[in-house]
Every structure is written in C-alpha cells, then in structure tokens.
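Scroll down for the structure; my scribbles are underneath it.
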Amino acid sequence: MEMPFDPEHITGLSEEEASEILKNEGYNELPSQKKQSLFSILVGVLKEPMLLLLLVAGMIYLVLGEVKDALILLVFVFVVIGITFNQERKSERALEALKNLSSPRALVIRGGEQKRIAGREVVRGDILILREGDRIPADGVILFCTNLLVDESLLTGESLAVRKCESTSLNQTLLPAQPGGDNLPFVYSGTLVIQGQGVAQVNSTGIHTEMGKIGKALETIAEEDSLLKKETTLIIKNLAIFGGILCLIVVVVYGLTRGDWLHGLLAGLSLSMALLPEEFSVVLLVFLSMGAWRLSKRDVLVRRMPAIETLGSSTVLCVDKTGTLTQNRMNLSSLYAEDEYCEIDNDRCLLDEKFHELLEFGYLASQQDPFDPLEKEIKKITEKFLPDHEDIHREWKLVREYPLSKNLLALSNVWKSYDSRKYVIASKGAPEAIFDLCHLDESEKEKLLSHVQEMANRGLRLLGVAKASFQDGSLPEKQHDFEFEFIGLLGFVDPIRPSVAQSVKECYTAGIRVIMITGDYPGTAQHIARQIGLKNSDQYITGPELSSMSKEELAEKTKTTNIFARVVPEQKLAIVNALKLNGEVVAMTGDGVNDAPALKSAHIGIAMGERGTDVARESASIVLLNDDFLSIVAAVRLGRRIFDNLKKAISYIFSVHMPIAGLAVFPILFKLPLILLPAHIAFLELIIDPACSTVFEAEPEEKNIMNRPPRNLEERMFGRKNLALSLVQGISMLIGVIAVFLYAWYTGRGEVDARTLTFATLVISNLTLIVANLSWSQSLIKTLFSENKALRYVLIGALSGLLLVLYVPALRSLFRFSLLHGSDLLIVFVVGTLSIVWLRLLKSKINV
C-alpha cells in the first residue's frame with residue numbers, strides 16, 4: 001500500500017548539515033562509562049581492612065620464614081582483586097548493552113534521497129522512514145503515518161503495541177510525552193514498528209533519548225555493599241584492633257619480665273598469627289562461591305555473590321507484571337457472540353457455529369502474513385479451529401484496506417471472490433469504535449458495554465468484530481459509509497506463569513512481602529493480583545498519583561500498598577528507593593530495559609534470562625536462566641541457609657582461637673615453657689580451615705528455615721548472644737586445656753608430656769566444638785551421623801593425623817611430643833568433650 005505522501009517533496013538534511021550536527025552533538029549512542037585503570041581499582045581494593053590484614057599477615061609469614069603460608073595469602077589477595085575488577089566493569093557492560101540495542105540501521109531522507117545509514121550516524125533533524133519490523137534509532141515526532149503500531153515494551157514493560165498518530169505541529173520544540181499510551185505523535189529509540197508505515201523527524205539522539213535517560217540513571221546509581229560484607233568488615237576491624245593491643249601487651253610484658261625484647265617481639269608475632277582472622281576471608285569466599293554453584297544447578301546465575309546472602313534476608317520482593325508474573329504474550333482466550341461466551345482453554349475445545357463467524361471475520365480483518373502479535377494469534381486460533389473450513393476463504397482477493405485513524409480506532413479489509421461481484425468487508429478494532437461503525441442505538445450499546453466491562457475486569461484486552469457487504473461499482477472513501485453488523489468480541493489475555501501463585505504463597509510464608517509494579521491499567525493489575533494471591537489487591541496507586549507525592553508521602557504509602565499501576569521507569573526506581581528509606585531489604589525482578597535502573601538500585605536485582613534484555617541481565621545481581629519464578633524461593637532458602645551456617649562458622653572461629661591465643665599468652669605471663677610451637681598451630685589450622693569453610697558450608701538447612709520472618713536489619717550477624725556463647729565456649733576450652741597442662745606439669749610429667757596432653761586435649765575439644773556448633777535444632781549424636789560428608793572427612797582426618805603425630809616416632813619427634821598411654825587418652829577424651837558438651841544445654845536455653 002502506498003504512503004499518503006510523496007517522498008520527493010521531503011528533502012531532509014543535506015549531507016553537509018548532517019555532518020555539522022554530528023560534529024557538534026556527537027554520535028547517536030550512549031557514552032561509554034569511563035574505564036578505571038587497574039591501578040585505581042587496586043588502590044580501592046587495598047583500602048579494605050580485610051585485605052590490609054591479609055597483606056600484613058603475608059609479610060609476617062615471610063619474616064618468620066613461612067613462605068608457603070605467605071604465598072597462599074597473596075594468591076587469595078589477587079583472587080579478591082580479580083572479583084572486584086569484574087564487579088567494577090558491570091555498570092560498563094550494562095551501558096554497552098544499551099548502546100548496542102539503541103543503534104540499529106536507519107532509513108533516512110537526506111538531500112531528497114532515501115539512504116540507509118548506521119543508527120549511530122542519525123542526527124537531530126534527520127527524516128526517518130519507518131516500516132514494519134524496523135527498530136527505531138532515535139526519538140522523534142511523527143510527520144505522517146498509516147496504521148502505525150509500535151511495540152514500546154522495552155521502555156514501558158507492557159506487551160501490547162500502541163497506536164501512533166500524526167503530529168498536528170511540525171515544530172521540533174513540541175514536548176514529547178512519556179512512552180506508552182495510544183494516539184501520541186512520538187516514537188522512541190529502541191522501540192519496534194509492529195505494523196504500518198510512517199515518517200518521523202528526529203528531535204533527540206544519544207543520551208537525550210528516553211533510552212539514554214535510562215542509561216544515565218544506571219551511571220548515577222551507586223551499588224551498596226551487602227549487609228554481610230559490612231558486618232564482616234566491622235568484625236575483622238574490631239578483632240584486628242583487639243589483637244594488636246593484645247600483641248603489644250605481650251611484647252611489653254615479655255620484654256620487661258624477661259629482659260629479652262627480641263624474643264618478646266617474636267612472641268607477639270606468634271600471638272598475632274594465632275589471632276589473625278584469615279579464616280573470615282576464606283569462609284566468606286567459599287560460602288558464597290559454593291552457594292553460587294548450588295544455585296547454578298537450579299538454572300540460577302549469580303552475577304554478584306554477596307546478593308545470595310542478601311536475598312535470604314530480603315523483606316520485600318518488587319515484581320514487574322509483564323514478562324515476570326505473566327508470559328509477555330497475548331493469547332486469544334475468550335469469545336463473545338450472540339449473548340454467549342466461549343472460553344478457549346484447550347486444544348480440544350469445540351466451538352459453537354456462532355463463534356465460527358466471529359473467528360472468520362477477525363481473520364479477514366487481519367493481514368494475510370501478520371507481524372502484529374494480536375493478528376498472529378487470531379490467525380493461529382482460526383486456522384486451528386477452522387482448518388478445512390470454507391470460512392478462511394483462501395481464494396478471496398484483498399482489494400482495499402481502511403486503516404486505523406485517530407478519530408476511528410478500527411480498520412477494515414475489503415475482500416472479493418473471483419466468481420462474485422459482491423464485496424465483503426471485515427472490520428475489527430476497539431469495541432466502542434465497532435459499536436459506532438454499526439450505528440447501534442443506546443440500549444444496544446449499553447447492553448454490549450456491560451459485557452465489555454465484565455471481560456475487561458477479567459484482565460482481557462478486547463477487540464470488536466463486525467461485517468458488511470457492498471455491491472456498487474466504486475468503494476466509498478470512509479468506513480462509515482458501509483452498513484456494518486456487529487458480530488462479537490475477541491478477548492486476549494497475557495497468561496500468568498504457572499508457578500507464580502505457589503511462589504507468592506511461599507514468599508508470604510517466609511515473611512517476604514510481594515509488590516507488583518506495572519505500566520498496565522489498575523483493573524488488569526488487580527485481576528492479576530487476585531489470581532496470584534497478592535494481599536491487599538483492592539488497594540493501588542497509579543503513576544500520576546505517585547508523581548504528585550513527596551518522598552516522605554510515598555515512603556508512607558509503600559508500607560501498605562502492594563499494587564502500583566501505570567508507572568514509568570523513573571517511578572519504579574522511586575518506589576524501590578522509598579522502600580529502602582523504610583528500612584526494607586528490597587529484591588526487584590524484571591526483564592525489560594525499563595527495569596534496569598530499579599534492578600541496579602535494589603539490594604538484589606533479579607533478571608529473567610530467557611525473555612530478559614541484555615540491559616536487565618547486566619544490571620541484575622541474579623539471573624533466572626529458565627525464568628522460573630520458583631527459583632527465587634530456592635534462592636531465598638539458600639540465602640538463609642548460607643547466613644545460618646556462616647553465623648555458626650564465625651562463632652566457631654571466635655571460640656577456637658581463644659584457647660590457641662590463651663595457650664600462647666599463658667606461659668609468658670607465668671614464666672612457664674611455651675606450649676604451642678609454630679608446627680602445632682599449623683596442625684590446628686589444618687583442622688580449623690576446612691572445618692570453618694567446607695564442613696559448615698555443607699551443613700543442611702534448619703527445619704524451620706522458611707517458616708520464620710527475615711532477620712531484623714538491626715540484628716547483627718554476630719550479636720551479643722552469639723558473642724557470649726562463643727566467649728563461654730572458648731573460655732571453657734581454655735580452662736580445660738590449661739587444667740590438663742597444669743595437672744601434667746605439677747605432677748612431674750615434664751614439659752614434653754604436658755605439651756602432648758595439652759595439644760591432644762585441644763584437638764579433641766576442637767572436634768567436639770565443630771559438632772556442637774553445626775546444628776541448633778538436633779542432638780550431638782544426630783549431628784554426628786548426619787548427611788554432612790565433609791564432617792566425617794574432617795573428623796577422620798583430624799583423628800588420624802593426631803594418632804600419626806603421637807605414635808609415629810619420626811613425627812612425634814618433629815612435633816616434640818611424647819608417647820601417650822591409655823589412661824592419658826582417657827583424660828584427653830573426657831576433658832576435651834566435657835569442656836564443650838556441658839554448654840549444649842546452656843545453648844538451647846538461651847536459644848541463640
């Protein structure tokens with residue numbers, strides 16, 4: 001079909017003018033984020049207290065000649081630097097995805113000639129020719145159009161294409177409206193022409209487009225450290241200060257009491273080795289890496305590992321309706337004709353004869369090879385239910401099309417068979433427009449409008465269908481000149497994902513509030529909310545209402561409102577920020593470009609991998625590769641398990657270091673021989689490191705993990721109760737091993753026997769401590785025989801190693817041990833286990 005204008009009358013810019021504008025305003029692309037140098041990233045990483053301590057520890061190990069330990073710590077430092085470098089580049093990749101998306105090829109008119117150029121070379125003032133299937137390269141004002149439908153879901157999140165109209169003013173200063181909504185004379189960069197043709201004049205390029213505004217928002221959003229990282233950093237800082245003070249005291253006391261300042265310095269360094277919290281870094285890395293691996297088996301990609309733990313403590317889940325709760329495709333699900341409804345719910349649904357005509361003329365009113373999703377669905381359903389039926393009329397010839405117009409939201413196709421002089425006209429469009437074409441009286445309109453309202457309340461997008469015939473020689477200029485007869489209504493629905501309702505229910509059980517944020521109408525949003533079981537589905541806030549609110553008012557409203565309708569991307573970001581102001585831990589799901597700023601601003605951004613855009617995936621912390629909403633619940637469960645087990649591991653680390661540090665300080669204070677030598681500390685580290693990382697990470701979740709609310713933001717990972725328990729456990733172990741040492745020393749057993757008994761008791765006490773801290777809800781016996789294979793490996797390995805150093809002469813000599821007899825082993829076992837077991841009852845009573 002020809003365009004209603006002559007392209008020769010539009011000359012557009014000259015090549016010289018276009019080159020000058022390009023030189024002054026730059027390319028039509030999003031500017032790349034300034035890349036950070038490796039040196040600047042390194043400086044930023046080294047500001048972390050954790051890594052400073054590790055580097056100092058590496059230097060200490062080198063001074064003491066422990067080259068292997070120093071190299072291990074330095075390797076770990078480089079691993080952390082690599083992870084941080086990757087994190088710093090994530091914003092850049094998000095902008096790069098926007099840049100690629102927003103730079104398609106473009107057909108322009110320059111110097112009176114049509115030419116195709118790279119989208120990045122389009123400049124302000126260029127004349128764009130828009131055709132079906134084109135990706136629009138820049139924002140512009142429509143000069144001419146014919147039946148132009150544009151898919152703006154990348155900007156609005158809504159799957160339905162919107163109608164465009166011609167501008168009444170060719171003045172470029174005409175202010176553009178927000179994307180979304182019918183009958184607007186504006187087109188936007190990155191959107192897709194679904195149907196029709198048009199010509200537009202570019203008024204914005206690059207960062208000044210709606211797409212560019214989203215990119216600019218991504219640049220300005222600063223990502224926050226996870227709660228876990230903040231608290232771990234604080235713990236390490238406090239422990240480092242405490243350890244430094246204690247080491248200084250040891251050096252001074254040793255020097256003053258024994259007059260040997262060099263050995264006093266070495267004693268202080270040995271104590272720093274015992275207190276150095278290098279396990280914290282290992283634990284954090286191992287727990288989150290293993291968590292990411294476990295989630296990958298559920299088709300969940302973790303782009304930012306700390307988000308796993310943060311998701312476990314999230315209190316609010318903000319959900320984008322289209323493509324997240326729904327499948328982002330329109331299904332023809334309901335038919336209305338002659339006062340009867342028909343639901344198309346399965347492949348074997350039998351259609352009554354009256355609905356054949358409705359499908360027939362809906363089919364005839366569509367393009368023969370449609371690009372529009374609604375027309376594709378009409379074609380699919382008609383050919384499925386009327387495969388061999390004469391109603392399809394494959395032999396008919398299309399002789400004329402009457403397009404949509406601003407004044408009449410309906411289109412008509414005129415058909416003629418090869419053996420007849422009679423024209424058949426099929427029309428479809430907005431129900432009100434079809435009623436108008438059919439010249440219905442008020443009572444008929446009122447009756448049909450009640451059915452329209454009833455179907456709309458079910459979340460359906462409706463099209464009316466009508467038919468007419470014509471026998472005169474020449475066709476009229478207007479559709480109104482035909483005598484149309486109303487046939488019925490076609491109802492389309494964007495179906496809900498099958499797993500969503502169950503997932504929402506599990507979120508509520510876990511104490512997580514669910515909020516729906518959508519660009520759709522409130523009625524549709526409420527219908528979806530009722531289907532998925534969303535609470536307070538009778539309350540909603542619209543975008544226009546939201547824009548008139550202050551930050552404080554919005555923050556107050558978000559405390560009770562769970563539906564936000566007709567919102568734009570900037571408002572989604574405002575909602576997320578309002579929830580954060582209320583102290584909520586916000587998780588945001590989405591799949592479109594419009595979701596990217598909110599995904600990045602939220603504590604946890606969750607992108608849909610199959611249907612999601614590159615921009616959403618690059619901005620998110622977690623990507624659901626299979627778009628399975630249930631995977632979010634699995635991630636929450638794993639996040640809570642990681643936090644629980646991390647809490648147990650940190651308690652263990654605190655407890656186990658107390659007797660080690662105590663045995664380093666005790667002989668110095670009381671002028672006794674040294675108990676623990678460097679080889680002994682190294683042996684203990686062989687137990688502590690795998691225990692606090694592998695064993696605690698592999699421990700299964702507690703039974704009530706998804707039946708309790710998220711942890712309070714004010715609750716510290718290592719609070720007073722945990723600290724008290726760790727202190728009691730550590731002091732109990734220290735008392736036990738010192739008691740054994742003093743018993744052996746004052747009974748005349750000698751330095752070597754006393755050291756051997758003390759060390760063996762410390763190992764048994766350490767193993768008992770591991771078992772006691774693994775589970776808070778089951779007995780020690782059940783924990784000992786649980787499914788945790790790593791526990792068995794550590795127990796067997798540690799006991800085997802202890803027996804080897806005690807009973808293999810070469811090793812016994814290397815460790816400066818003596819031979820233990822049966823009575824000695826009984827003392828070791830009884831004291832080592834009782835120093836921890838008696839605390840189990842206390843632990844259950846204080847309910848940590």
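Quick notes on this structure:
- Carbon + sulfur, % of accessible area of segment 526-588 - ligands and nucleic acids excluded, 1.4 Å: 46
- By average C-beta atoms within 10 angstrom, highest first, the peptides 769-775, 231-237, 666-672, 112-118: 769-775, 231-237, 666-672, 112-118
- Highest-first packing order for the peptide set 526-535, 513-522, 778-787, 809-818 is 513-522, 526-535, 809-818, 778-787, based on the mean count of other beta carbon atoms within 10 Å.
- Cut-off under 5 Å, modelled amide H: who pairs with Gly488 long-range: Val465
- All other residues whose Cβ lies under 15 angstrom from that of Ser19 are scored, Lys and Arg at +1 and Asp and Glu at -1, for a net of -2.
- Using the Cβ-Cβ distance between Leu804 and Leu723 with R0 set to 35 Å, the FRET efficiency works out to roughly 0.45.
- Legend: residue pairs Lys115/Lys397; Lys230/Lys721; Lys164/Lys380; Lys580/Lys648; Lys505/Lys535, Cα-Cα distance threshold 22 Å; pairs beyond threshold, Lys115/Lys397; Lys164/Lys380; Lys580/Lys648.
- Net charge contributed by nearby residues that have their C-beta within less than 9 Å of Lys467 (K/R +1, D/E -1): -3
- Principal axis dimensions, largest first and in whole angstrom, of segment 452-575 by Cα: 70, 35, 21
- Restricting the GluC sites (Glu not before Pro) of segment 457-502 to loop positions (DSSP other than H, G, I, E, B) with no more than 11 neighbouring Cβ atoms within 10 Å leaves Glu477.
- Among 746-758, 10-22, the order from most to least packed when residues are scored by Cβ within 10 Å on average: 746-758, 10-22
- Translational diffusion coefficient (Stokes-Einstein; Kirkwood radius from C-alpha pairs) of segment 760-810 at 20 °C, 1.002 mPa s, in µm²/s: 180
- Coarse-grained scattering of segment 371-461 at q = 0.13, 0.16, 0.18 Å⁻¹, given as base-10 log I(q)/I(0) from a Debye sum over alpha-carbon atoms: -0.61, -0.91, -1.09
- Around Leu311: net Lys/Arg minus Asp/Glu count, Cβ-Cβ under 11 Å: +2
- Rounded, prolate or oblate (a/c below 1.5 giving rounded, otherwise prolate when a/b exceeds b/c) for segment 693-832 by Cα gyration tensor: prolate
- Taking every protein chain into account, the accessible area of segment 442-484 amounts to 58 square angstrom per residue (probe 1.4 Å).
- Positive-end residue, segment 380-535 charge dipole about Cα centroid, Cβ charges, pick of Ala501, His439, Val414: Ala501
The values are calculated or read from the model by the stated rules, or taken from the named source; none is laboratory data. This structure is a prediction, so every number in the text was calculated from the model and none was measured. We place every Cβ from the backbone using ideal geometry, glycine too, and count neighbours over all the protein chains shown. Quick note on the areas: whole protein, heavy atoms, side chains included, nothing else; ligands and nucleic acids left out. Shrake-Rupley method; radii C 1.70, N 1.55, O 1.52, S 1.80 Å.
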